[in-house]
Every structure is written in structure tokens, then in C-alpha cells.
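Asker: First the structure, which I've put down as C-alpha cells, then a few questions once you've had a look.
A short reminder: the numbers here are calculations on the coordinates, not readings from a lab. Source: prediction; values computed, not measured. Note that we place each Cβ from the backbone using ideal geometry, even for glycine, and neighbour counts take in every protein chain shown.
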Amino acid sequence: MGPLACLEVFGSALRDDFRADSDVDFLYTPGPRFKREQAFGPWGQNHMAEELAGIVGRPVELLDRRQIQRHRNWIRRQHILQTAQPVYVEG
């Protein structure tokens, strides 16, 4: 059994091509106490991404790990899942 909740970074933040104008890509695995209505506001506003952007000081792309695990593009799916590095793990 994996972690209850997890935040992972992937993409250019882990590579040499990370620039001053790059965003930071994160995957999240929601834990049992995750409240979707608190994380996402009206019209799909992503409060979690906004909070992370404030912490890291740059734009953030935040993806649910479960969506990536089911992504139809197997090359993108495999690349993201194999390169993602955990930055927070609960459980």
C-alpha cells in the first residue's frame, strides 16, 4: 500500500532546462481527509495550485496522480510517473 497523501515534483524543475520563467509541475495524491470542495472553488479555480504558487514564487501546474495514471498518452504518462520526485509524503 502506498502513501496516504503525497506531493511530487516533475518536469523542468528537475532538469537542466529549468529557467527563471518556468512553471513548477506537481502531482498530488489526495489523502483520506482531502476535501475537494475546499481545494477547488467555483469554475474550477484551483486553490491548491494558487497556494503552491505563492510558496514557490512562480506559476504551478498541479495534476492529480490518478489522472496521470489513466492518461491515454502512455509516453507522457510513463515519463511523468518515472521522473516524479516526492517532496511531501503523509502516511
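Asker: Taking the simple approach of a point 7 Å from Cα along Cα-to-Cβ for both ASP23 and GLN78, what is their distance in nm?
Answerer: Label-label distance for ASP23 and GLN78, simple model: 2.6 nm.
Asker: Another question, then. List the residues whose amide H sits under 5 Å from the amide H of LEU27, counting only those 5 or more places along or on another chain, with H placed 1.01 Å from N in the peptide plane.
Answerer: GLU8, VAL9, PHE10, LEU63
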